[in-house]
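Chemist: First, the structure itself, so that you have it in front of you.
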Amino acid sequence: MRRVRLATLVSVRQEHLEAAVPVGADPRRYARVLARVHEAALSGASPPAEPRAVIGASWQCMRRLGLDPDHGRDGRPLSTEDVEARRRASGLADALPILRSGLISVAEEAAHIMVVVDGDACVLWREGSNAVRHRADRLGFTEGVSWDENHVGTNAIGTALVARRPMQVYSAEHYVRSHHAWTCAAAPLHDPRDGRLLGVVDLSGPAATVHATTLALVDAVAKLAESQLRNAHLAELERLRAAALPVLSKVPGRAMVTDEHGWVAAVSGLAPLDRVPLPRGCAPGEAWLPSLGTCLVEPVPGGWLVRVTEHDTERGTTRAVLDVRSPRDCTLTVAGPSGTWSYPLSPRHAEMLYVLACHRDGRSAAELALDLFGDAERTVTVRAEMSRLRRRLGTILARRPYRFADDLEVVLERPEAPELVLPHSTAPALRNP
């Protein structure tokens with residue numbers, strides 16, 4: 001059953017992913033072209049072709065960092081004890097069985113290794129072909145090392161962590177020359193409870209083994225692993241629901257019980273909700289929640305009892321800070337009379353809020369589609385994403401046109417250089433302002 005489902009997922013995902021080697025191109029000949037493009041980019045000469053947008057953006061970041069294109073930056077591997085501690089803290093252990101069942105046999109047959117890293121790009125697990133593992137040893141690609149862009153340059157693992165999307169990097173698309181003999185395909189893994197980036201799963205092997213379906217396979221297995229994590233969370237939420245119902249039956253007025261991440265287990269006197277954004281570092285006491293107003297928060301086993309107060313519920317927030325200084329940690333922080341809360345943003349949501357922060361008078365769905373995709377016809381995607389954002393942020397966002405609420409002070413914190421704002425984004429509004 002899993003094999004059939006996985007094959008179906010691969011065929012579907014492949015249509016929406018950008019392959020490293022163009023369809024119909026000869027990989028060896030294309031690798032030679034990439035090598036000339038790479039050398040031209042480093043020397044400042046006119047390239048024979050342009051690299052893919054995400055690769056070009058990453059190369060520019062590496063040049064600004066002054067990363068050595070021959071050796072990268074040396075890093076000391078973690079001890080075995082530290083690697084074990086990171087494994088336990090990563091949140092990835094429950095996903096490992098599905099990652100192994102979906103990728104290890106493929107890795108061994110196709111002369112690849114499966115690599116799993118945490119959110120800091122530290123290699124936690126590395127399994128697969130013995131021959132390729134020995135080659136990876138010589139490259140320093142071992143458990144306990146950091147494989148982020150700051151250490152090893154453009155690569156599928158580190159670049160997927162920054163871009164927050166599946167990545168395939170082939171041959172001379174790697175910034176460091178010693179990696180040009182490799183091809184890698186990686187997909188992010190997210191915590192379904194709060195959207196936090198847990199890490200990345202990757203298939204790596206000799207460049208000659210590049211295949212058009214590898215990225216789709218890795219992405220499909222990553223989605224299955226995330227589904228397993230989601231099912232585990234739903235089971236936890238069901239247990240909390242059973243314990244919450246007797247508690248809510250004794251509470252007058254409007255109330256709900258949520259888990260520690262704001263997922264709603266049960267409600268009383270309220271319309272059904274799936275999740276409310278709780279303040280970061282939530283503590284007992286009064287808190288302002290964007291979709292509910294002023295509430296009283298009390299701890300219960302496994303989560304929080306949230307009671308909507310019947311006074312002063314209309315007090316609004318006064319200041320929203322959109323922080324896009326770090327592409328891996330974009331947040332919206334809202335401060336008001338009843339406290340402060342923060343909401344972590346995906347790359348797409350960070351792009352959308354950045355555009356709205358730059359256009360306080362608002363943007364229509366068609367204008368946002370142009371800003372994000374360069375295509376005014378993609379309004380369905382824009383409306384769906386804005387609907388998700390408004391469910392999370394409540395009255396912070398208004399519509400017709402889409403904009404931040406008129407009475408809200410919006411502060412945009414961004415890097416001084418325009419090219420450093422979400423550097424791996426290909427949205428026209430950011431790359432061609």
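The values are calculated or read from the model by the stated rules, or taken from the named source; none is laboratory data. For clarity, every value in this text was computed on a predicted model and none was experimentally measured. A quick note on method: Cβ atoms are made from the backbone with ideal geometry, for glycine too, and the neighbour counts reach across all protein chains shown.
Chemist: Quick one: in segment 402-433, which of the residues that are hydroxyl-bearing (S, T, Y) and assigned to a loop (DSSP other than H, G, I, E, B) is surrounded by the most Cβ atoms within 10 Å (Cβ to Cβ)?
Modeler: Taking the candidates together, the pick is S425.
Chemist: Sticking with this structure for a sec: Can we say T258 is closer than 30 Å to V115 by Cα and hydroxyl-bearing (S, T, Y)?
Modeler: The answer is no for T258.
Chemist: While we're looking at this one, here's another question. Any idea how many residues of segment 268-290 are surrounded by 18 or more Cβ atoms within 10 Å (Cβ to Cβ) and either within 17 Å of L234 (Cα to Cα) or among the polar types (S, T, N, Q) (or both)?
Modeler: So the count comes out to 2.
Chemist: Residues of segment 116-127 being assigned to a strand (DSSP E or B) and in contact with a Leu (Cβ under 8 Å, 6 or more places away or on another chain), which ones?
Modeler: V116, V117, D118, C122, L124, W125
Chemist: Among the residues of segment 212-219, is there at least one that is modelled with pLDDT under 90, surrounded by 15 or more Cβ atoms within 10 Å (Cβ to Cβ), of a type outside the set (S, T, Y) and within 30 Å of A136 (Cβ to Cβ)?
Modeler: Taking every residue of segment 212-219 in turn, at least one turns out to be modelled with pLDDT under 90, surrounded by 15 or more Cβ atoms within 10 Å (Cβ to Cβ), of a type outside the set (S, T, Y) and within 30 Å of A136 (Cβ to Cβ).
Chemist: Restricting to segment 225-253, what's the tally of residues that are part of a helix (DSSP H, G or I), polar (S, T, N, Q) and free of Cβ contacts under 8 Å to residues at least 60 places away in the same chain?
Modeler: Adding up the residues that qualify gives 2.
Chemist: Please go through segment 156-204 and pick out each residue that is acidic (D, E), buried (at least 23 other Cβ atoms within 10 Å of the Cβ) and closer than 19 Å to T331 by Cβ.
Modeler: Residues satisfying the conditions do not exist here.
Chemist: Additional query: So, in segment 141-172, exactly how many residues are within 18 Å of the chain's Cα centre (by Cα), in a loop (DSSP other than H, G, I, E, B) and over 23 Å from R196 (Cβ atoms)?
Modeler: 1
Chemist: Identify the residue in segment 415-430 that is touching a residue at least 12 places away in the same chain (Cβ under 8 Å) and more than 19 Å from the chain's Cα centre (by Cα) and, among all such residues, is farthest from T333 (Cα to Cα).
Modeler: Here the residue is P428.
Chemist: Something else now. From the set of residues in segment 416-433 that are in contact with a Cys (Cβ under 9 Å, 6 or more places away or on another chain) and modelled with pLDDT of 85 or more, which is farthest from R165 (Cα to Cα)?
Modeler: Ranking the candidates gives A429 first.
Chemist: Just checking, does segment 238-257 include any residue being at pLDDT below 95 and closer than 21 Å to S105 by Cα?
Modeler: no
Residues checked against (1) over 27 Å from V201 (Cα atoms); (2) touching a His at 6+ places or on another chain (Cβ under 8 Å):
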{"residue": "L229", "(1), (2)": "no, no"}
{"residue": "R241", "(1), (2)": "yes, no"}
{"residue": "L245", "(1), (2)": "yes, no"}
{"residue": "A255", "(1), (2)": "yes, no"}
{"residue": "E260", "(1), (2)": "no, no"}
{"residue": "W263", "(1), (2)": "no, yes"}
{"residue": "L273", "(1), (2)": "yes, no"}
{"residue": "G281", "(1), (2)": "yes, no"}
{"residue": "L289", "(1), (2)": "yes, no"}
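Conditions tested, residue by residue: (1) part of a helix (DSSP H, G or I); (2) touching a Leu at 6+ places or on another chain (Cβ under 9 Å); (3) among the polar types (S, T, N, Q).
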position: D68; (1), (2), (3): no, no, no
position: H71; (1), (2), (3): no, no, no
position: D74; (1), (2), (3): no, no, no
position: L78; (1), (2), (3): no, no, no
position: V83; (1), (2), (3): yes, yes, no
position: R87; (1), (2), (3): yes, yes, no
position: D94; (1), (2), (3): yes, yes, no
position: L99; (1), (2), (3): yes, yes, no
position: S105; (1), (2), (3): yes, no, yes
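Chemist: Going through segment 151-167 one residue at a time, which ones are within 26 Å of A93 (Cβ to Cβ) and of a type outside the set (G, A, S)?
Modeler: The answer is H151, V152, N155, I157, T159, L161, V162, R164, R165, P166, M167.
Chemist: Does segment 106-137 hold any residues that are farther than 12 Å from V200 by Cα, touching a strand residue (DSSP E or B) at 6+ places or on another chain (Cβ under 8 Å) and small (G, A, S), and which are they?
Modeler: Selection gives A107, A110, A111, G128, S129, A136.
Chemist: Being under 23 Å from S291 (Cα atoms) and crowded, with 17+ Cβ neighbours inside 10 Å is the filter here, so list the residues in segment 366-384 that pass it.
Modeler: V382
Residues checked against (1) touching a Pro at 6+ places or on another chain (Cβ under 9 Å); (2) at pLDDT 90 or above:
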{"residue": "A7", "(1), (2)": "no, no"}
{"residue": "V10", "(1), (2)": "no, no"}
{"residue": "R28", "(1), (2)": "no, yes"}
{"residue": "L42", "(1), (2)": "yes, yes"}
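Chemist: Taking the condition of being crowded, with 18+ Cβ neighbours inside 10 Å and among the polar types (S, T, N, Q), how many residues in segment 36-92 meet it?
Modeler: The number of residues fulfilling the criteria is 2.
Chemist: Can you spot a residue in segment 148-162 that is more than 22 Å from V54 (Cα to Cα) and in contact (Cβ under 8 Å) with a residue 12 or more places away in the chain?
Modeler: No, there is no match, as no residue in segment 148-162 is more than 22 Å from V54 (Cα to Cα) and in contact (Cβ under 8 Å) with a residue 12 or more places away in the chain.
Chemist: Let me ask another. Condition first: touching a helix residue (DSSP H, G or I) at 6+ places or on another chain (Cβ under 7 Å) and of a type in the set (A, V, I, L, M, F, W, C). Now tell me which residues in segment 79-96 satisfy that.
Modeler: Result: A93, A95.
Chemist: Those residues that are under 15 Å from T209 (Cβ atoms), surrounded by 18 or more Cβ atoms within 10 Å (Cβ to Cβ) and of a type outside the set (V, I, T), I need them from segment 111-132; list them, please.
Modeler: H112, M114, G128, S129
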